[in-house]
Every structure is written in structure tokens, then in C-alpha cells.
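**Student:** The structure is given below, and queries will be raised subsequently.
The values are calculated or read from the model by the stated rules, or taken from the named source; none is laboratory data. As the structure is a computational prediction, the values presented were derived from the model and not from experiment. Positions of Cβ are backbone-derived with ideal geometry, glycine not excepted, and every protein chain shown enters the neighbour counts. Remember, those area values only see protein heavy atoms, side chains included, never the ligands or the DNA or RNA. Shrake-Rupley method; radii C 1.70, N 1.55, O 1.52, S 1.80 Å.
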Amino acid sequence: MYCRKCGTPLGEGSQVCKVCGAVMSDFYLNDSQKQAASFEQHEVKVNTGIYKLLCVCMAMCLVAGSVVWAALFMKDRMANSNSISRRQSTGALAVNAEPVSETSRKAAETTSSTTTTTTTTTTTTTTTTTTTTTTDPFKVTITPEKISSIGYMFTISDGIVLRIGPGYDYDELNIHIPAGIRISIDSEQFDPVSTENWCYVNFDGVYGWISKNFLSSTNPFIAVVKPDELYPSYQRDSVIVTRWGGLNLYAGPGDTYDIIMTLNKGAELTNEGYNYFSVKWAYVSYNGQYGWIKTYDGDWFNRTIE
């Protein structure tokens, strides 16, 4: 006789298994019963392995199905997205499409009984972009509010640049003024950047700006002949040019000397001095420029200025 639980051989009349402690009800009485019990345990183990294998297969099938479903879902979503993009790009054409004929309309009505049509409305938004262009202030020509001749000055440097505004940052005009040129000053303005006064001038009919540092009230390139005698300060009276067309101011008491400038009619001069043997010439000053002018009658004390 054997123990049903552990299969240990037992003696006749045993009530308890000495190995596992099983009671008499758990014992087998013979070898055939022990083999039957062993076969039953093997069958149970085999059935358990098959069950586990089936569970693994089902899990793998579930995972594979999920992957396939996800791939099909993404493919369908991408197809719908492309379809919507095509409909949006052709939406404008659909608005201007030709009217559907009566035959086509009836065919569409017949088909609509079995087919569901989805209509997508596309709204086109037009965005207007406004571009603001900022003009460089140093490329804008500056003109004084009031233009009036305030005198003449001479350039003291060669190749002076004429600019469109009162400052070195303004663009240059394609004009370079040589040294010793007499130009008209029509306005004056202070530039806080260069801390210089700038003159608005007219050179050969072209207006522009020159730093006053390059200008002088006298022409430094013409040597003016000094007089034999200078009048005392109380005898330096003023005279007015009355000649039509103006009067030349010479560098010396004679027509052969260089002409410094032409004095317009109405210019106010100051008698400064004279020469002993050039009684028809007077040494005068005009806006800081000294020179000689020719008089009418050569009277030292009552000169008549043309």
C-alpha cells in the first residue's frame, strides 16, 4: 500500500504516512491505484502548459491586432488630411464652377439615395501686410525756412564738399569748391553734432551746406596792397555804390591788380585810407574784405564813388 500524497510505500495497517503525515483516507491500496494517481497529476500538468501557451498566443494576437489597427488608423487620417488640403486648394475654383446641367442634377439626386455626400466649406482669410519704410534723415535735403543773402565769404581750402544738410553725416553733392572762391551766404544754422555753424550757400546756381570753418570774410589767397595812409577812426565815413552793374574791388590801386569781388549797387563801403600818388583810388573795406576802388574825380576830400 502507498501514500496517495507522496507515493511512499506503507506497511499493512498503517493509518498515517511517516513521510508527509497524510491520513489513511489519502492512501492508495495497490500499485495500479498509484499509477493512476501519477497519470492524473501528469495530465493536469500538461493541461496547464497548454493553457499557458494559448494565453501567450492570444496576447500576441491582441498586440498584433492593435499594431495593425493603429497603422490603418494613421493611414486613414493622413488620407483625410490630404483630401482636405486638396479641397482647400481647389475651393476657389469650386465657387466659380459652371452651373450643373439638369441631367447631372437628376443623376446626383438618384445617387444621393444610396450615397452619403460630405460637403466641406473652406473659408479663405486674406491678410494684408503693411510695410513701413523708415527714411534715413541724412539722405533728405534740408532747406532753410528763410533764405536771404546775408553776405559773401571766401573758401579757404581746396575741394570743399557741398552737402545736402548742415552736418558731416548728410550726403555729399557731386560738387567740390576750390579755394579762394567768393560765394553768397543765404542762411546759417548750428549743428549740435559737429558743434559747428553751417552756411547755406549758392555756388554756380547749386545750393548746399558748407561748414563755416572752411570760410573766411577775406580772401587769404590774394595779397592786398596796403595804403600809404590810413584815415583816423573818426574820418572813416561810409559811402554807397551807385553804379549800375556794380563796382570791382581790386587788390591794389590799379586796373592791373586782381579783382577780389564785384560790389553790387547799393553796397555800403567804409573809407579806410589812400595813396599819395593814386588819388583816383580809395582803400575801402566791405564786410571785412579790404581792397581798392576807383573814384570819379580824384578828390581826396570829396570822393564820388561810382
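**Student:** Counting only residues 5 or more places away or on other chains, whose amide H sits under 5 Å from the amide H of LEU247 once H atoms are built in the peptide plane?
**Tutor:** Amide H neighbours of LEU247: LEU263, ASN264.
**Student:** Taking amide H atoms as placed 1.01 Å from N in the peptide plane, list the residues 5 or more away in sequence, or in a different chain, whose amide H sits under 5 Å from that of ILE160.
**Tutor:** Placed amide hydrogens put ILE177 under 5 Å from ILE160.
**Student:** Take ILE259 and ALA223, extend 7 Å from each Cα along the Cα→Cβ direction, and tell me the distance between the two endpoints in nm.
**Tutor:** Going from the ILE259 label point to the ALA223 one covers 2.3 nm.
**Student:** A further question on this structure: Could you provide, to the nearest whole Å², the per residue accessible area of the range 138-192 with probe 1.4 Å?
**Tutor:** Averaged over the residues of the range 138-192, the accessible area is 55 Å².
**Student:** Under 1.5 on a/c is rounded, so check that first for the range 222-283, then, if it is not, pick prolate when a/b is larger than b/c and oblate when it is not; a ≥ b ≥ c are the square roots of the alpha carbon gyration tensor eigenvalues.
**Tutor:** Because a/c hits 1.5 or more and a/b fails to exceed b/c, the range 222-283 counts as oblate.
**Student:** Another question about this same structure. Solvent-accessible area per residue for the range 221-260 at a 1.4 Å probe radius, Å²?
**Tutor:** With the other protein chains kept in place, the range 221-260 gives 67 Å² per residue.
**Student:** Tell me, what is the FRET efficiency for GLN189 and VAL279 to the nearest 0.05, using R0 = 35 angstrom and their Cβ-Cβ distance as r?
**Tutor:** 0.15
**Student:** In addition: What pairs in LYS139/LYS265; LYS146/LYS226; LYS146/LYS265; LYS212/LYS280 have C-alpha atoms more than 30 Å from each other?
**Tutor:** Violating the 30 Å limit, Cα to Cα: LYS139/LYS265; LYS146/LYS226; LYS212/LYS280.
**Student:** Not counting ligands, DNA or RNA, and with a 1.4 Å probe, what is ILE185's accessible surface area in Å² rounded to the nearest 10?
**Tutor:** Its accessible surface works out to 10 Å², give or take rounding.
**Student:** List every residue whose amide H lies under 5 Å from the amide H of GLY273, counting only residues 5 or more places away in sequence or on a different chain, with H placed 1.01 Å from N in the peptide plane.
**Tutor:** TYR231, TYR283
**Student:** Compare the peptides 202-209, 165-172, 60-67 by average per-residue count of other Cβ atoms within 10 angstrom and give them in order, highest first.
**Tutor:** 165-172, 202-209, 60-67
**Student:** Leaving ligands and nucleic acids out of the surface, order LYS294, LYS18, LYS52 by accessible area at 1.4 Å, largest first.
**Tutor:** So the residues, ranked largest to smallest area, are LYS18, LYS52, LYS294.
**Student:** Please compute the modelled spin-label separation between MET78 and ASN174, points set 7 Å along Cα→Cβ, answer in nm with one decimal.
**Tutor:** It works out to 6.2 nm between the two label points.
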